[in-house]
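So the structure is just underneath, and the comments pick up after that.
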Amino acid sequence: MSRTVHDCTAAIASGDTEAFGRFYELWFDHILTEARLASRRDEHFCLDLVQDVMLRIIRSRRVFEHEDGLRRWLHVVVRSCCIDMFRAEARRRRREQTHHSSAEQRDVIHEHDERLTWLESQLTTLGPDDAKLLDMRFRFGWTLGRIASTLGLSTGAVDG
């Protein structure tokens with residue numbers, strides 16, 4: 001296994017996007033679990049956290065010889081990204097509390113309406129399989145794990 005870890009992380013470090021795709025598929029569930037443990041937050045927050053972790057992995061270009069070292073490093077990266085997200089969220093809340101005027105609120109509402117119009121136009125172009133996934137996720141409120149187990153897919157595949 002350590003040779004596989006070395007080969008995969010070395011390929012990612014060299015910029016191999018296919019290697020990163022394999023890494024993402026293999027390690028997504030592990031990183032999502034770590035994100036849940038670190039943040040104790042909802043699935044949406046954890047998925048954003050996984051995204052930040054994956055970006056940090058790409059930027060770090062670290063090569064690991066053994067899986068144990070990779071697991072320990074991922075543990076630290078998840079917690080570091082989690083702290084960064086908590087801090088960013090706190091800063092955003094402070095900004096919103098101090099800078100909201102009625103004019104800004106109207107602008108936000110207008111921007112929100114524009115986004116909804118765009119989203120409605122995009123939803124009409126979905127195929128039936130994609131529409132089914134969105135129904136499960138957002139209409140019925142299913143977690144990615146539940147959708148994955150129902151459809152016989154990995155959580156990472158459903159997320160993708």
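The values are calculated or read from the model by the stated rules, or taken from the named source; none is laboratory data. The model shown is predicted, which means the values in this text are computed figures rather than measured ones. Methodologically, a virtual Cβ is constructed for each residue, glycine included, from the backbone with ideal geometry; neighbour enumeration extends over all protein chains shown. Please note that ligands, DNA and RNA were not included when accessible areas were found on the heavy atoms of the full protein model with its side chains. Shrake-Rupley method; radii C 1.70, N 1.55, O 1.52, S 1.80 Å.
Points to keep in mind about this one:
Yes or no, residue by residue, for (1) open to solvent by less than 30 Å² (accessible area, probe 1.4 Å); (2) over 26 Å from Ala148 (Cα atoms); (3) modelled with pLDDT of 95 or more:
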residue	(1), (2), (3)
Ser2	no, yes, no
Asp29	no, no, yes
Arg36	no, no, yes
Val50	yes, no, yes
Arg93	no, yes, no
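- Close pairs (8 angstrom Cβ cut-off, 6 or more residues apart or separate chains): within 21 Å of Ser39 (Cβ to Cβ) in the stretch 85-99, of a type outside the set (A, V, I, L, M) and at pLDDT 95 or above anywhere: Met85/Ser39; Met85/Phe45; Met85/Asp48; Met85/Asp52; Phe86/Ser39
- Matching residues in the stretch 103-144 - criterion: being within 20 Å of Glu43 (Cβ to Cβ) and part of a loop (DSSP other than H, G, I, E, B): Phe140, Gly141, Trp142, Thr143
- Taken as a whole, the structure places Asp84 among residues that are charged (D, E, K, R), farther than 24 Å from Thr143 by Cβ and at pLDDT 95 or above.
- Contacts under 6 angstrom Cβ, first residue in the stretch 103-121 being hydrophobic (A, V, I, L, M, F, W, C), partner at pLDDT 90 or above, 6 or more apart: none
- Selection count where residues are among the acidic types (Asp, Glu), within 15 Å of the chain's Cα centre (by Cα) and over 20 Å from Arg72 (Cα atoms), scope the stretch 4-50: 3
- Residue match in the stretch 142-150 (condition: exposed (fewer than 14 other Cβ atoms within 10 Å of the Cβ) and either touching a residue at least 40 places away in the same chain (Cβ under 8 Å) or more than 30 Å from Asp7 (Cβ to Cβ) (or both)): yes
- Candidates are the residues of the stretch 101-124 that are more than 20 Å from Phe138 (Cα to Cα) and β-branched (Val, Ile, Thr); the one that is modelled with the lowest pLDDT is Val108.
- Given (1) in a helix (DSSP H, G or I); (2) closer than 30 Å to Arg36 by Cα; (3) open to solvent by 80 Å² or more (accessible area, probe 1.4 Å), index of the condition Leu153 fails: (1)
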